[in-house]
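Quick notes on the structure that follows.
The values are calculated or read from the model by the stated rules, or taken from the named source; none is laboratory data. Values in this document were obtained by computation on a predicted structure and should not be read as measured data. Note that we place each Cβ from the backbone using ideal geometry, even for glycine, and neighbour counts take in every protein chain shown. What goes into the accessible areas is simple: the full protein's heavy atoms, side chains included, and nothing from ligands, DNA or RNA. Shrake-Rupley method; radii C 1.70, N 1.55, O 1.52, S 1.80 Å.
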Amino acid sequence: MSDNLLSVRELVIHYETDEEVVEAVNNISFDLKKGEILGLVGETGAGKTTTALGIMGLLPPKVANVISGSVELDGNDLLRMTDRQMRKIRGKRISMIFQDPMTALNPVKTVGDQISEVVLLHDRCSKAEALRRAQEMLGMVGIVPERYRDYPHQFSGGMKQRIVIAIALACRPDLLIADEPTTALDVTIQAQILDMMRNLQKENGTSMILITHDLGVVAEMCDHCAVMYAGELVEYGTVEAVFDHPKHPYTEALYRSIPSLDKDVERLHVIPGMVTDPASLPAYCSFADRCGDACGMCRTLDPKVLDLGGGHTVKCLKYTSKWEGKTDGKTESA
Amino acid sequence: MLKYIVKRILYLIPILLGVSAIIFALKTITPGDPARQILGNEASEEQVQAKREELGLNDPVVVQYLRYIGGIVTGGDFGDSYRTGEPVLSEIVPRLWTSAKITFGAVIIGAAVGVLLGIISALKKYTWADSLVLVISMFFQSVPEFVVALVLIMIFAVNLHLLPATGLESWQGYIMPMLCIGLSSVAGYTRITRSSMLEVLGEDYIRTARAKGQSESNITVHHALRNAMIPVAQSVGTNLGNAIGGGMVLETVFGVPGVGKYIVDSITQRNYPSVLGGALIIAMVLTVINLIVDVSFVLIDPRLKTTIISGGAKRAPKKKIKAA
Amino acid sequence: MRLKKLTAAVLAGTMVLALTACGKDAPTQSGGGTPGTEKTNEADGGGEQQNEPAVAGVLTPNSDPVNTNTSDETLRIGLSSEPSTLWGASEGKAENEEQIINAALLDRLVNVDPVTKEVLPNLATDWEWVDETHCKFILRDDVTMSDGTPLVAEDVVYTVGIWTERCATNDTGKFIVGAEAEDEKTVTIEFTVAAPDLLAMMAWGNFGIVSEDEVNAAGGLDAVGKNPAVGSGKYRFKEWKSGQSVTLERNDSYWNPDYKGYFKEIVFTFTSDAAAREMAIESGDSDLTIDVPISQAATYAQSSAVSTYIYSFGQVIHLWYNMGENAKATKDQKVRAAIDKALNFDAVTQVATAGFGTPAMAYMDPAATYYKENYTAEERAVDIEGAKALLAEAGYENGLEITALGLADLTPVLTVMQANLAEAGITLNIDTPDTAQFVEGAFGGSYDIICVGDDLTVRTPTIVPFCTKLNVNGPGMVIGGPKWTTDELDAAIAALISESDTSKLEEQGLAIGNMLKEQTVCSNLYSEMKAVITAKDLKGYCTRERGYIDVTTLYR
């Protein structure tokens, strides 16, 4: 327990509007050790970003509500902290990189100002010192430090994301949450950015939650992998376990939808049906309606999280003793 | 930058030609003989004819128009007032200065109050404070300016004896006209500030700032405000036109010797050289001020510097498409 | 959605509150006056006013004792518009504001008592009609002009020369041939027509005397209107801030030691909005304002914060029927009589004077010394059936459409007429263009009926101008009227003007009135009224010709 930097327990987050209640995050739990990278994968709307914002305490006020659960950083529950305490943690202990670098930087402030801002907020130092630190950070992410006086619009997309990373890492946070950091970038740049992130992460010993829908990135970068579907953590384990022995039918389906260079497939596999509407989740397994292996029981019971050993957990009735469906579903998929 | 400014000043020419042509046309199609206007009702027909000849009113309209434009271009001659016989320019310049002081003050008051209310209602959106701000700003927008003016006079001059009811003999005389014109533009600034603030507060870079651990008040002031001010600053130019328009009515109510009152009086007196000259000079001043406002955007929004310096807005949309 | 509705409700509530607050404000100021009397525009307001004398809060001009003190105080007068000159005669003009200010700067040969209308000595100690058109004036020998030189007969000759030269086409110069100096103190003015009352006209604003030297010192005749540092009047020109104010200062070397100007300075400011001018008085920024619309003044009459003067000034508004070349239906006397019968003169007067006036019972004004009623109450009563019968006789049983021309401020009056005439089957189209278009239409005679007033108290050749041959047949020198006259009528007017035996005037005036009545040349509406608001403590409000304010007699 002590080497867990972050420990999320039974977190439930709802978006409430006048018209409907969206159950965005449903009872998820996971741990993150120091220096580890956790890949959070899932389709759009699975609740990955909500989980991240929940950890950051940046959920949109009034609309989003944390219903229950805890998010502990070094044993302290972030959800019980005051705004003031959380502000000390954000940027200093936990940093976040957002999806679109084009809009993540303030267009009317120089990048130097924007990097030094976070330094000034958390480290007691002079403005000049903070600016020096900003230049240092720019150098670290591969940008000529002298450009600290430039405005964001003078940089390309990839460079902007480097600056965003520089901001995120300026105070050497313990945890970095990267929400699809490369999605908005050109493919060639994606690899550079990821490489740089991994190097910086290793150098600083930063823990990281990497939110992505790109399984390849997870395989390359992460230690652990968590698969989310409709606000639930359907499978969790080491990258090796989850990739080599996917247990949940959804995880399996995800793998089948990855284009492969080795196999000559005419059409990519598509998971049938639409992503379950989080505003009207069924009382039973939320994947049941799209699941190729589902049996009658799947449409009556909501599965519990099962530990399959070695920290590999799955939320599927298939692995319970009561299972009565076709167990050979797995072989079919192989 | 210089090229841009020169270009903008050159745009003035067609604008002013248009304005002058329209007013000149109005002058010729409206009934009423200027010569009789000058000479009075009891002048004889011969006197009227002689005056028409003297004023060149018997020439074709186009000739009259070209002569007028020629006078302006060659000697800054906007003609003589029918009523006083003085050169229009020398009558307008001191009045312009008076109006400028009031308009400037009004814009500052309007923008300051409007922006403040806009920020409040954006930060407190969908609360009672937001609704209250909406009510206040809509009140000042929907109630005609002269009504506000009379109510202000009633309160501050008649009941409280704090400010003079009319005239500009002391500095206190400026307060009510400024307040009145300013308040009517509050609604506009409030609405623009509110929507622009809400838009900016939803931007990713605000989330970035929050992720840095920055406090909400600092985010509002340092990150949101300056970005939100760009559309507000742009509306200052438009509002200036409105302020001058509002000034026309209010200068009359407050007895302010400004261009607005001058033009209104000249219209009722059918003093066309004064109307024409007044309108042209206001158009000129407005264009120049709009230019100054535009150039000053560069100070607020560094992105514009590249577009302006590189000579035109043509490149800007392209960039946007790429960004999208 | 809910929020929008809530906002709308709150907004509506605020508006109502604001409005009631404004409504409450007025009676508080008016010192507990009956709120109902504020609505004087409607006929029912009139009924109320007949029950209780609304005139209670209204003061009469020329009724305070003469001022005997001087002070260093400043008098502030709010005018509705800025004059273009301060000496109209020098530019051949006559503007209301200019006449008021100029009367304080320049002094005239004679004065007229505002109450008795008696001609009094002023710069001239004595005068004598040499013959019907020549009047000899004996000048005072103690008058100094603005440059310190004494007034001499040559100054009068020079001034009369300006009138005849620059004002040849208007009332100032039209009736004057010229002047001749006999000696230093004796001057004879020759008039174009025999009219004893032209002497009284010499007391009017435009007839102030200047000297050639001071005019030249002030920049010559073309510039003196802007810088009128001339004359020997009770006040001297100090400053004119264009667009802002005109300042006069007391002439402490005025020739008449009995005269006391209370105020050291008089400042005229220009604000076109009457309510703003009134509020400036309430706030203490201003002491007096003229040209307040009567309906507005009626409200202020209830106020204890200001004094209100509402008075008639010898000018009757007549509704003239076009009988000239362009005339259509109104050429027929039956049509004219039908309109006269259909009109409700009580309602018209009520609307025009906010209940302060009464319908005219003669062509002449009650203020004229020769006034005599020539209408009975029955004749003035509404007779729709009679009107319809006359119209049927004239061949308009199926209705008639006519156009009324008037200035915009007469719109309420014309609207009442429209309603009256509609009952008799006459459709009245109201045309109230701006001044210039009005003048053009009135000159050309492009109307069926037209509302205009004329001064009827002084028997100058401008009296009954619409029916004198000079104007009707002349080069279109008069605005409006019937564009028609007869030899008989013209002769009667000429006789009235030239009559020197005042005992015959009443008969002569009546004769003209009856001629007009027989032919129904015009319908007599009401005596026009002026309204003035002053600070509560301001006294000595006196009038000059045409009801203009005399700014030199005011005091606190």
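Ellipsoid semi-axes for region C:52-110, based on the Cα gyration tensor and the rule √(5λ), read 28, 18, 14 Å when sorted largest first. Of B:Met229, B:Thr268, B:Gly278, which is farthest towards the positive pole of region B:209-282's charge dipole, taken about the Cα centre with +1 and -1 on the beta-carbons of Lys, Arg and Asp, Glu respectively? Going by the charge dipole, the pick is B:Met229. Kindly state, to the nearest 0.05, the FRET efficiency for A:Met81 paired with A:Glu220, given R0 = 25 Å and r defined as their beta-carbon distance. The formula returns an efficiency of 0.15 here.
Result for chain A in a Gaussian network model with C-alpha springs under 10 Å: among A:Ser156, A:Ser321, A:Ser207, the largest mean-square fluctuation is at A:Ser321. Approximating the spin labels as points 7 Å out from Cα along Cα→Cβ, the C:Asp141-to-B:Glu86 distance works out to 4.4 nm. Residues whose amide H lies under 5 Å from that of A:Leu306, counting only those 5 or more places away or on a different chain, are A:Val314, A:Lys315, A:Cys316; hydrogens are built 1.01 Å from N in the peptide plane. For C:Ile549, the residues whose amide H sits under 5 Å from its own are C:Arg544, ignoring neighbours fewer than 5 places away on the same chain, with H placed 1.01 Å from N.
Mean sequence separation of contacting Cα pairs (under 8 Å, at least six apart), scaled by the length of chain C, corresponds to a relative contact order of 20 percent.
Taken residue by residue and averaged, Cβ atoms of other chains lying within 10 Å of the Cβ of B:260-266 number 2. Look at the dipole of the protein assembly as shown built from charges on Cβ: of C:Ala329, A:Gly57, A:Thr238, the Cα furthest out on the positive end belongs to A:Thr238. Here each label is just a point 7 Å from Cα along the line to Cβ, and for A:Glu240 and B:Leu2 those points are 7.1 nm apart. When C and B come together, around 3700 square angstrom of accessible surface is lost from both chains combined, probe 1.4 Å. A Förster distance of 25 Å, applied to the separation of the beta-carbon atoms of A:Val21 and A:Asp289, puts the FRET efficiency at 0.80. Paramagnetic label reach from C:Glu132 (point 7 Å along Cα→Cβ; backbone nitrogen cut-off under 17 Å): within region C:176-210, residues C:176-177, C:190-199.
Each Cα pair under 8 Å and six or more residues apart adds its separation to the average, and for region B:88-309 the resulting relative contact order is 28 percent.
The residues of chain B expose on average 47 square angstrom of accessible surface per residue, using a 1.4 Å probe on protein heavy atoms.
Can you tell me the convex hull volume per residue for region A:1-41, based on C-alpha atoms, in Å³ to the nearest whole number?
It comes to 75 Å³ per residue, whole-number rounded.
The mean number of Cβ atoms from other chains found within 10 Å of a Cβ in peptide C:285-292 is 2, as a whole number. With a simple spin-label model that places each label point 7 Å from the Cα along the Cα-to-Cβ direction, the separation between A:His213 and A:Thr188 comes to 2.6 nm. Computed from phi, the 3J(HN,Hα) profile of region A:188-204 under the Karplus parametrisation 6.51, -1.76, 1.60 (θ = phi - 60°) reads 5, 6, 3, 4, 4, 5, 4, 4, 5, 5, 5, 4, 5, 4, 5, 4, 8 Hz, with x in place of Gly and Pro. Relative to the Cα centre, the charge distribution of region C:313-529, modelled as +1 at Lys and Arg Cβ and -1 at Asp and Glu Cβ, gives a dipole magnitude of about 160 debye.
In a simple Cβ point-charge model (Lys, Arg +1; Asp, Glu -1; nothing else charged), the protein assembly as shown has a dipole of about 7440 debye relative to its Cα centre. Charged side chains reduced to their Cβ positions (Lys and Arg at +1, Asp and Glu at -1) give region B:107-262 a dipole of some 380 debye around its Cα centre. Element breakdown for the protein assembly as shown at a 1.4 angstrom probe: carbon and sulfur atoms account for 56% of the accessible area.
With R₀ set to 41 Å, the beta-carbon distance separating B:Thr127 from B:Trp171 gives a calculated FRET efficiency near 0.60.
Sorted from largest to smallest, which semi-axis lengths in Å does the alpha carbon gyration tensor of region C:313-529 give for its equivalent ellipsoid, taking the root of 5 times each eigenvalue?
Taking √(5λ) for each eigenvalue gives 25, 19, 17 Å, largest first.
Residues in region C:313-529 average 38 Å² of solvent-accessible surface per residue, probe 1.4 Å, ligands and nucleic acids excluded. Ranking C:Ile549, C:Ile463, C:Leu505 by Cα position along the charge dipole of region C:462-556, where only Lys, Arg, Asp and Glu carry charges on their C-beta atoms, puts C:Ile549 farthest toward the positive end. Chain A against chain B buries an accessible area of about 2200 Å², both chains summed, 1.4 Å probe radius. Near C:Tyr555, the amide H atoms lying under 5 Å from its own belong to C:Lys539, C:Gly540; only residues 5 or more places off or on other chains count, and H is placed 1.01 Å from N.
The Cα-based radius of gyration of chain B, divided by its Kirkwood radius, gives an Rg/Rh of 1.06.
Considering every alpha-carbon pair of region A:99-192, the percent of pairs per 5 Å bin, from zero through the bin containing the longest distance, is 3, 15, 26, 25, 20, 9, 3, 0. Computed on the Cα trace of region C:316-372, the radius of gyration divided by the Kirkwood hydrodynamic radius gives Rg/Rh = 1.04. When the Cα gyration tensor is reduced to axis lengths a ≥ b ≥ c, the ratio a/c is 1.5 or higher for the protein assembly as shown, and with a/b above b/c it is classed as prolate.
Can you give the % of DSSP beta bridges in the protein assembly as shown that are antiparallel, to the nearest 5?
So the antiparallel bridges in the protein assembly as shown amount to around 70 percent.
For chain C, what percent of Cα pairs sit more than 34 Å apart?
The answer is 45 percent, as a whole percent.
Accessible surface ranking for A:Met56, B:Met248, A:Met102, 1.4 angstrom probe, highest first: A:Met102, B:Met248, A:Met56. Just so you know, the averaged projected area of the alpha carbon convex hull for chain A sits at 18.6 nm².
Residue by residue, region B:154-161 carries 3J(HN,Hα) couplings of 4, 6, 7, 9, 6, 8, 9, 6 Hz when phi is fed to the Karplus relation 6.51 cos²θ - 1.76 cosθ + 1.60 (θ = phi - 60°); x denotes Gly or Pro. Counting, for every residue in C:241-247, the Cβ atoms of other protein chains within 10 Å of its Cβ and taking the mean gives 6.
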